[in-house]
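One structure is given here, and the rest of the page talks about it.
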Amino acid sequence: MSVLEVAPAPPRRAWRSPAVRMGALAVLVCAVACADLFAGRGVTVEGARAVLLGGGDDPMAEHIVLQLRLPRMLVALVAGASLGVAGLVLQSALRNPLAGPEVTGVTPGAVLGAVAATGLGLAGWESPTAVVVAACLGGFAGAGLLWLLAGREKGDPEQTAVYGVLVSAVLAGLTAVVLLVAPGELGSVVQWLIGSTEGRVWQHWHLLWPWAAVWGGAAWLLSAPLTLLRCGDEQACAAGLDAGRGRAAALVCAVALTAGAVSAVGALGFVGLLVPHLALAVFGADLRITLPGAALLGAVVVCGADAAAQLLSRLLVVALDADRLTLPVGALTTFVGAGLLLIVARRRMDER
């Protein structure tokens, strides 16, 4: 008997199992959710814990924790999950690692739609449901404009990214025009320009989670076709997939998920662009597993950034001796995301 026949098989490390990684991410989601609940102002950690355990006797503390902090945390989780899934769907459908809601015209278009509906008061479009519809229309318009400009160069990631930046700049300029026309509405739409979870209440949660559940479920149903599209149109067609229809369905899901998140928390920079890279690195190329992983990672990033922004705001209030100072979560995700994007771009250049 040879040595190869008697040698034991190498042990499989438990951490390599997707189920173990998914479980670890779920624990991390719970951790950042608790951090977000305890990070706000007005109630101490002990007071918030007492309210959550049902032993609180302070009506003000109960209102802050249950009516302000809790819906804010839930909205941050679902918005982050939506952006993570939307970014992965876009990158897979377009076969472009530089694609993301922020740089393909989807997020700027959704912001323009939400701002126009609210700032101009278009035929009663100020209601939350109507804002989601307006954000969807703007997102589809931005994605369509990029599709027209890219033309035959859609397969070139760098060229598509350049066109995406141009489309985003044009849509941002149109948003500025809307604000000039209705300057009195600047305070009510600043959340969509920067990205903020401040003031999110149960109404936003009740509107966001069904929308995210429907379109997130639709995206997961497309996970197998998207996995084929990542391999190329020729391979997808050889497997019996209509690449054009599959890509169109995927883009609809991505725009809808982005629009729902934007209508709730605004333009959170770089979440939909960088979370998919992290999800692929952790879970691999099988999107049936990676899409739920991207949802959990997006939730961790946004909710964790919200908790960090609240803690930094409290520190800045003490350092600057200010009465009140709020650091938008979108400013934090943009700052950190831009740095990570530079690192990713530098590594890609070094690999070449």
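The values are calculated or read from the model by the stated rules, or taken from the named source; none is laboratory data. All of these numbers come straight from a predicted model, not from anything done at the bench. Positions of Cβ are backbone-derived with ideal geometry, glycine not excepted, and every protein chain shown enters the neighbour counts. Accessible surface areas use protein heavy atoms only, side chains included; no ligands, DNA or RNA. Shrake-Rupley method; radii C 1.70, N 1.55, O 1.52, S 1.80 Å.
Scan the range 17-34 for residues that are β-branched (Val, Ile, Thr) and loosely packed, with under 14 Cβ neighbours inside 10 Å and jot them down. Steps first, answer last, please.
Here is the first cut: in the range 17-34, the ones β-branched (Val, Ile, Thr) are 20, 27, 29, 32.
Val20, Val27, listed by residue number.
Kindly indicate which of Glu126, Glu153 is at pLDDT below 80, among the acidic types (Asp, Glu) and in a helix (DSSP H, G or I). Before the answer, list the steps.
Numbers: Glu126 fails: in a helix (DSSP H, G or I).
Just a single option satisfies the conditions, and that option is Glu153.
Quick one: is Ser263 within 17 Å of Leu90 (Cβ to Cβ) and touching a helix residue (DSSP H, G or I) at 6+ places or on another chain (Cβ under 7 Å)? Write out each step before concluding.
On the way: within 17 Å of Leu90 (Cβ to Cβ): no; touching a helix residue (DSSP H, G or I) at 6+ places or on another chain (Cβ under 7 Å): yes.
Taking the combined requirement at face value, the residue does not satisfy it.
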Check whether at least one residue in the range 98-113 is out of contact with any Gly (no Cβ under 7 Å at 6 or more places or on another chain) and not in a helix (DSSP H, G or I), and report yes or no.
yes
Pairs returned, first residue in the range 159-176 that is without any contact (Cβ under 8 Å) to a residue 40 or more places away in the chain, second residue that is open to solvent by 60 Å² or more (accessible area, probe 1.4 Å) and assigned to a helix (DSSP H, G or I), beta-carbon separation under 7 angstrom, 6 or more apart or interchain, are Gln159/Glu153; Tyr163/Leu149
Among the residues listed as Val282, Val275, the single one being part of a helix (DSSP H, G or I), open to solvent by less than 40 Å² (accessible area, probe 1.4 Å) and either in contact with a strand residue (DSSP E or B) (Cβ under 9 Å, 6 or more places away or on another chain) or of a type in the set (Val, Ile, Thr) (or both)
Val275
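Mind counting the residues in the range 193-231 that are among the β-branched types (Val, Ile, Thr) and in a helix (DSSP H, G or I)? Give the derivation first.
Quick first cut of the range 193-231, residues among the β-branched types (Val, Ile, Thr) only: 194, 197, 201, 214, 227.
Imposing the further condition that a residue be in a helix (DSSP H, G or I) reduces the set to 194, 214, 227.
Looking only at that region, the number is 3.
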The range 258-282 residues that are free of Cβ contacts under 8 Å to residues at least 60 places away in the same chain, paired with ones that are open to solvent by 10 Å² or more (accessible area, probe 1.4 Å) (beta carbon under 6 Å, 6 or more apart)
Leu278/Leu297
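Each row is one residue, and each column tells you yes or no for (1) surrounded by 24 or more Cβ atoms within 10 Å (Cβ to Cβ); (2) among the polar types (S, T, N, Q).
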| residue | (1), (2) |
| --- | --- |
| Ser82 | yes, yes |
| Val85 | yes, no |
| Arg95 | no, no |
| Ala99 | yes, no |
| Val103 | yes, no |
| Val106 | yes, no |
Do we find that Leu193 is touching a Leu at 6+ places or on another chain (Cβ under 9 Å), at pLDDT below 90 and more than 30 Å from Asp286 (Cα to Cα) in this structure?
yes
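Restricting the search to the range 292-326, which residues are of a type in the set (S, T, N, Q) and open to solvent by less than 50 Å² (accessible area, probe 1.4 Å)? Give the steps one after another, and end with the answer.
Pass one, the range 292-326, residues of a type in the set (S, T, N, Q): 310, 313, 326.
Gln310, Ser313 - these are the residues of the range 292-326 that are of a type in the set (S, T, N, Q) and open to solvent by less than 50 Å² (accessible area, probe 1.4 Å).
Anything in the range 267-277 that is modelled with pLDDT of 85 or more and either aromatic (Phe, Trp, Tyr) or more than 14 Å from Ser92 (Cα to Cα) (or both)? List them, or say none.
Step one: filter the range 267-277 for residues modelled with pLDDT of 85 or more, giving 267-268, 270-277.
Of everything in the range 267-277, those that are modelled with pLDDT of 85 or more and either aromatic (Phe, Trp, Tyr) or more than 14 Å from Ser92 (Cα to Cα) (or both) turn out to be Ala267, Leu268, Phe270, Val271.
Any idea which residue in the range 216-248 is least open to solvent (accessible area, probe 1.4 Å), counting only those that are touching a Cys at 6+ places or on another chain (Cβ under 7 Å) and either at pLDDT 90 or above or closer than 16 Å to Ala294 by Cα (or both)? Reasoning before the result, please.
To start, the set of residues in the range 216-248 that are touching a Cys at 6+ places or on another chain (Cβ under 7 Å) comprises 218-219, 222, 243.
Narrowing further to those that are either at pLDDT 90 or above or closer than 16 Å to Ala294 by Cα (or both): 218-219, 222.
Details: Ala218: 29, Ala219: 1, Leu222: 36 Å².
Checking each candidate, the answer is Ala219.
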Could you tell me whether any residue of the range 254-267 is in a loop (DSSP other than H, G, I, E, B) and open to solvent by 10 Å² or more (accessible area, probe 1.4 Å)?
yes
Top-ranked residue of the range 35-78 - restricted to ones that are among the basic types (Lys, Arg) and more than 23 Å from the chain's Cα centre (by Cα), ranked as least open to solvent (accessible area, probe 1.4 Å):
Arg41
